[in-house]
Amino acid sequence: MKSSQHEYAQAAFEGIKSLDANSIVAQQYGQLCHRFPSLVLTNGLRLAVTFFQAKSESVESPHALYLQHMRSALGLDKSWEEELKIQNADYLHLSRRVLSASVWFKRYAEAILKIEQGTEALEQEDIL
């Protein structure tokens, strides 16, 4: 039986390895891996997800990819809109799970994509 941390780590690894490490999308994705947890802590999960959805121009944008990979890591079956229509206790639990999974995305962004926190992405194009 795998722990939830193992599941998060495996899904984050697979998501990040699916990107071309030298592409601009991967560089922006790496920055988002560092910024998403602080957005959740500051604004809450609903607003952070809504913001990322608003920034997603296509399914291949870094924001959309991050949300897709996070859903995969958490094992969510429904859309983000459906998942976020839950009661407070379940919402807080989901928020904690997202923050726990986001640690793995940050670690792999540093290890695989070589994106350190605070570094600027290539052609940042107003990613946040």
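The values are calculated or read from the model by the stated rules, or taken from the named source; none is laboratory data. Small disclaimer: the values here were computed from a predicted structure and weren't measured. Cβ sites come from the backbone with ideal geometry, for glycine too, and all protein chains shown count toward neighbours. These area figures cover heavy atoms from the full protein model, side chains too; ligands, DNA and RNA do not enter into them. Shrake-Rupley method; radii C 1.70, N 1.55, O 1.52, S 1.80 Å.
Of the residues Ile16, Ile112, the one with the largest accessible area comes first in the ranking Ile112, Ile16, computed with a 1.4 Å probe on protein heavy atoms. Only helices enter the 222 nm calculation for the chain: every DSSP H run of n ≥ 4 contributes -39,500 (n - 2.57), and dividing by all residues gives -22000 deg cm²/dmol, rounded to 500. You can think of it this way: the chain between Ala21 and Asp90 has 21.3 nm of extra reach, that is 0.36 nm per residue less the Cα-Cα gap.
Short-range pairs are left out: with C-alpha atoms under 8 Å and at least six residues apart, the relative contact order of the range 1-108 is 43 percent.
The fraction of accessible area contributed by carbon and sulfur in the chain is 52 percent, rounded to a whole number (1.4 Å probe; ligands and nucleic acids excluded). Compared with the alpha-carbon gap, the fully stretched path from Glu116 to Ser58 is longer by 18.3 nm at 0.36 nm per residue. For the chain, the longest principal axis of the alpha carbon atoms and the long axis of helix 88-111 meet at an angle near 20°.
Could you state the orientation-averaged shadow area of the convex hull built on the Cα atoms of the chain, in nm² to one decimal? The Cα convex hull of the chain, projected and averaged over all directions, gives 7.6 nm². For Ala21, neighbours were defined as the other residues whose beta-carbon sits under 13 Å from its Cβ, and their charges (Lys and Arg +1, Asp and Glu -1) total 0. In this structure Asp20 has an accessible area near 90 Å², from a 1.4 Å probe over the protein heavy atoms.
Rounded to the nearest 10 degrees, the inclination of helix 24-43 to the longest alpha-carbon principal axis of the chain is 40 degrees. Percent of C-alpha pairs per 5 Å bin in the range 43-100, short distances first: 4, 18, 31, 29, 13, 4, 1.
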